[in-house]
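Report on the structure given below.
The values are calculated or read from the model by the stated rules, or taken from the named source; none is laboratory data. As the structure is a prediction and not an experimental result, all values here were calculated from the model. Virtual Cβ from ideal backbone geometry, glycine too; neighbours counted across all protein chains shown.
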Amino acid sequence: MKRAYLYVMEALRKNILGEGMGTPIEWLAKPVSVAIVLFARAITAVRAIWPESGMQTRRCVYFANHSSHGDFILIWTVLPPRLRRRVRPVAGADYWLKSPLNSFIGRDVFNAVLIERDREARKEDPVTQMTQALDAGSSLILFPEGTRNLTEQPLQPFKSGLFHLAQARPDIDLVPVWIDNLNRVMPKGEFVPIPLICTVTFGEALHIGETEEKAEFLARAEAALLALAPKRAGD
């Protein structure tokens, strides 16, 4: 029985996943990622809206509005596999390391760049963590608001992280992404998703100006993101 199990696992790894040798965790992470994509698509019927210039294929930083723990999953879901493989979400270590399951999903399935949000407990500089990921060839998903927006406002003021990252890597494309309806699919305090159609709208890439100050840059980035939000009745 054990030999048969090992044979099946090796066949899965080589013939279905198309990967070389890996750990059992790595074997499991791939089918779990596929299952998450299928589930997210089934629940949200998510649709990507691309800018006139088309889909971004270069290494970049996707920066988005943030209202749900599932936000980065929706962005990740609409990207084609060839891009998805090298996209890493930037997320809070406190949430994604709080249980073995969260750790497996955040660290092993999504390969997240995990940031320690408690400054006193922090051992690494968050901007350094992000630039190292970019320099290694990854793209990033970043939420400049810093925490989920549970207010009635469309956006919370951006934290300074996006500015410092743009300063550190001024040539990297910064792509605004507006996620619509996901907070209605997974309302706060609910555990069962409500099926609704979601959209993920990608804007044109922007870059920091050579002499652009923090306040000016963040205001421009916020405006670029808000410009992608769907217009509601009464707006």
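Six or more apart or on different chains, Cβ atoms under 8 Å: show the pairs whose first residue is in the range 114-133 and at pLDDT below 90 and whose second is aliphatic (A, V, I, L, M) and part of a helix (DSSP H, G or I).
117/93
Going through 45, 40 one at a time, which residue ends up being of a type in the set (A, V, I, L, M, F, W, C) and more than 16 Å from residue 141 (Cβ to Cβ)? Give the steps one after another, and end with the answer.
On the way: 40 fails: more than 16 Å from residue 141 (Cβ to Cβ).
Result of the check over 45, 40: 45.
For residues that are more than 11 Å from residue 202 (Cβ to Cβ) and of a type in the set (Val, Ile, Thr), scanning just the range 52-84, find the one that is surrounded by the fewest Cβ atoms within 10 Å (Cβ to Cβ).
Top of the filtered list is 57.
Which pairs turn up if I take residues in the range 219-231 that are under 14 Å from residue 181 (Cβ atoms) and look for partners that are of a type in the set (Asp, Glu) and surrounded by 13 or more Cβ atoms within 10 Å (Cβ to Cβ) with beta carbon separation below 9 Å, at least 6 apart in sequence or on another chain?
Close Cβ pairs satisfying both conditions: 228/180; 229/180; 230/180.
What is the number of the single condition among (1) at pLDDT 95 or above; (2) farther than 24 Å from residue 88 by Cα; (3) in a loop (DSSP other than H, G, I, E, B) that residue 171 does not meet?
Unmet condition: (2).
Output the residue which, of all residues in the range 94-135 that are among the polar types (S, T, N, Q) and closer than 18 Å to residue 28 by Cα, is farthest from the chain's Cα centre (by Cα).
So in the range 94-135, the residues among the polar types (S, T, N, Q) come out as 99, 102-103, 111, 128-129, 131-132.
Going one step further and asking which of them are closer than 18 Å to residue 28 by Cα, we end up with 99, 102-103, 111.
On the way: 99: 20, 102: 15, 103: 16, 111: 10 Å.
Of everything passing the filter in the range 94-135, 99 is farthest from the chain's Cα centre (by Cα).
For every residue, the table says whether it meets (1) at pLDDT 85 or above; (2) among the aromatic types (Phe, Trp, Tyr); (3) in a helix (DSSP H, G or I).
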| residue | (1), (2), (3) |
| --- | --- |
| 11 | no, no, yes |
| 31 | yes, no, yes |
| 40 | yes, no, yes |
| 54 | yes, no, no |
| 57 | yes, no, no |
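With the condition kept exactly as written, say whether any residue in the range 95-107 is within 22 Å of residue 165 (Cβ to Cβ), assigned to a helix (DSSP H, G or I), at pLDDT 90 or above and touching a strand residue (DSSP E or B) at 6+ places or on another chain (Cβ under 9 Å).
For the range 95-107, residues within 22 Å of residue 165 (Cβ to Cβ), assigned to a helix (DSSP H, G or I), at pLDDT 90 or above and touching a strand residue (DSSP E or B) at 6+ places or on another chain (Cβ under 9 Å): present.
Return yes when residue 49 is under 27 Å from residue 165 (Cβ atoms) and either surrounded by 15 or more Cβ atoms within 10 Å (Cβ to Cβ) or within 17 Å of the chain's Cα centre (by Cα) (or both) and no when it is not. Show your work before the answer.
Working: under 27 Å from residue 165 (Cβ atoms): yes; either surrounded by 15 or more Cβ atoms within 10 Å (Cβ to Cβ) or within 17 Å of the chain's Cα centre (by Cα) (or both): yes.
Considered against the rule, which asks whether it is under 27 Å from residue 165 (Cβ atoms) and either surrounded by 15 or more Cβ atoms within 10 Å (Cβ to Cβ) or within 17 Å of the chain's Cα centre (by Cα) (or both), residue 49 comes out as yes.
Considering the range 85-113 alone, what residues qualify as being free of Cβ contacts under 8 Å to residues at least 12 places away in the same chain and either crowded, with 21+ Cβ neighbours inside 10 Å or within 23 Å of residue 135 (Cβ to Cβ) (or both)?
85, 107
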